[in-house]
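The block underneath contains the structure these notes are about, expressed in structure tokens.
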């Protein structure tokens, strides 16, 4: 039998259902591995081994009772997973990677997490993130930078870097992440794992501590497409607690071993293969597109002409929304409070001490863009261009079923490489931002390695609510390639 730590979600569920292993055995194996490797990977902000073992034991007992009574067993009963530390889990510390929430323990659980808990998952802990999900490397975490399991001198990507790292390092078979401008897909690319950014409104945002409310999506990172699809179908669906949640039926996605993609039309946007892209990245993505063609897909050159404006549009809209969302951290109701003479002084000092430099930078950018006299010139104009970007996607999806493109211009960069140059860091998201602005789904997976043995990812983007089409194409690709099965030596 495969080692317990190497089991994918699907394999683990099958092993639990067949009795090949218990939840306590699986959870213990992952906790033991984390004890050994966490000092060098640094993927968790909060680990919950005692709670996980308690939940695992309860899962094993529940399974026994249900089997004896011939009652149906929850789909993920006893499966251990990790959760990004911007999603609330009742009574477990939730820091958002920020000092301002260092000791915050929420009293409620995010809907996305609750649905998985209702299906039986065990929570191993909360993973590291750039502060309030603002970053592309986890270097903006107020606590420490997570290491990329493929090369611990390099970043794992961000902001869901901790979640990608735990999956790549075999510390958990799957982890939840969030994607506001590429924060599931870019870490998936850098760490060689699979990730899904759902359509905006497909998975409830209730319990997700907001960064950019019109851009945030809750997603999944796992080892393959089959696993991400399974967790996605359980998390997705309407939630009365989230006003942006869409009441659209969730298909029960059936993935099989078929690799014939005849009739599938894949668009390749010329704007995503730009000057400055790492040659190994372009070569691997184009080879993957050729593989899709060999499987019967029709490849078409397409254009998304407003792509070049996605970066400036995003860095007006997202900071503006962050400025409003982060106003609630005032030192009064919860979070860090710096004692001072007078409320105004306390407010200023608490926010000054609690927020890191990147968060402060984005709050200032957003506040400026929303200020009187500048609102129409900046935020208002950005929203108009955002509409044009969405219309680009709508038009292309009249001609093709999905779009294939790189995720990032480079493979994982070294820690500190972009620390002094925010613009260089922002450019890491140039290929991922448009999907968030348009609200379309994106599936990320490994399609090769560069000459330094670092993973290269590609993404498939589809029309709104068409995640199933992306899963089927990505799963077919993983049936005929083995990039997703490769593991770092740790």
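The values are calculated or read from the model by the stated rules, or taken from the named source; none is laboratory data. All values reported here derive from a predicted model rather than from experimental measurement. In this analysis, Cβ positions are derived from the backbone assuming ideal geometry, glycine residues included, and neighbour counts consider all displayed protein chains.
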*Residue match in region 390-397 (condition: touching a strand residue (DSSP E or B) at 6+ places or on another chain (Cβ under 7 Å) and under 24 Å from residue 227 (Cα atoms))*: no
In region 62-95, anything touching a helix residue (DSSP H, G or I) at 6+ places or on another chain (Cβ under 7 Å), under 30 Å from residue 322 (Cα atoms) and not in a strand (DSSP E or B) is listed as 86, 89, 94, 95
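Does residue 129 satisfy the condition of being part of a loop (DSSP other than H, G, I, E, B), more than 24 Å from residue 233 (Cα to Cα), in contact with a strand residue (DSSP E or B) (Cβ under 6 Å, 6 or more places away or on another chain) and modelled with pLDDT of 95 or more? Explain how you work it out, then say what you get.
Working: part of a loop (DSSP other than H, G, I, E, B): yes; more than 24 Å from residue 233 (Cα to Cα): yes; in contact with a strand residue (DSSP E or B) (Cβ under 6 Å, 6 or more places away or on another chain): yes; modelled with pLDDT of 95 or more: yes.
Taking the combined requirement at face value, the residue satisfies it.
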Exercise. Might you let me know whether region 330-344 holds any residue that is modelled with pLDDT under 95 and assigned to a helix (DSSP H, G or I)?
Key: yes
Output for Cβ contacts, cut-off 6 Å, separation at least six or different chains, first residue assigned to a helix (DSSP H, G or I) in region 13-27, second modelled with pLDDT under 95, reads none
Restricted to region 293-308 and to residues being under 26 Å from the mean Cα position of the chain (by Cα) and in a helix (DSSP H, G or I), the residue surrounded by the fewest Cβ atoms within 10 Å (Cβ to Cβ) is 308
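Under 22 Å from residue 178 (Cα atoms) and without any contact (Cβ under 8 Å) to a residue 24 or more places away in the chain - does that describe any residue in region 255-272?
Pass one, region 255-272, residues under 22 Å from residue 178 (Cα atoms): none.
No, there is no match, as no residue in region 255-272 is under 22 Å from residue 178 (Cα atoms) and without any contact (Cβ under 8 Å) to a residue 24 or more places away in the chain.
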Flagged in region 345-355 as assigned to a helix (DSSP H, G or I) and either over 19 Å from residue 142 (Cβ atoms) or in contact (Cβ under 8 Å) with a residue 40 or more places away in the chain (or both), in numbering order, are 345, 346, 347, 350, 351, 353, 354
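Results for (1) more than 18 Å from residue 174 (Cα to Cα); (2) surrounded by fewer than 24 Cβ atoms within 10 Å (Cβ to Cβ); (3) in contact with a helix residue (DSSP H, G or I) (Cβ under 6 Å, 6 or more places away or on another chain), shown as yes or no for each residue.
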site	(1), (2), (3)
106	yes, yes, no
110	no, no, no
121	no, no, no
125	no, no, no
133	yes, no, no
139	yes, yes, no
146	no, no, yes
150	no, no, no
154	yes, yes, no
Among residues of region 411-429 being crowded, with 20+ Cβ neighbours inside 10 Å and within 18 Å of the chain's Cα centre (by Cα), the residue modelled with the lowest pLDDT is 425
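Go through region 20-37 and report how many residues are touching a helix residue (DSSP H, G or I) at 6+ places or on another chain (Cβ under 9 Å) and surrounded by fewer than 23 Cβ atoms within 10 Å (Cβ to Cβ).
Residues of region 20-37 that are touching a helix residue (DSSP H, G or I) at 6+ places or on another chain (Cβ under 9 Å), as a first pass: 20-35.
Still in the running and surrounded by fewer than 23 Cβ atoms within 10 Å (Cβ to Cβ): 20-22, 24-25, 28-29, 31-33, 35.
Of the residues in that region, 11 qualify.
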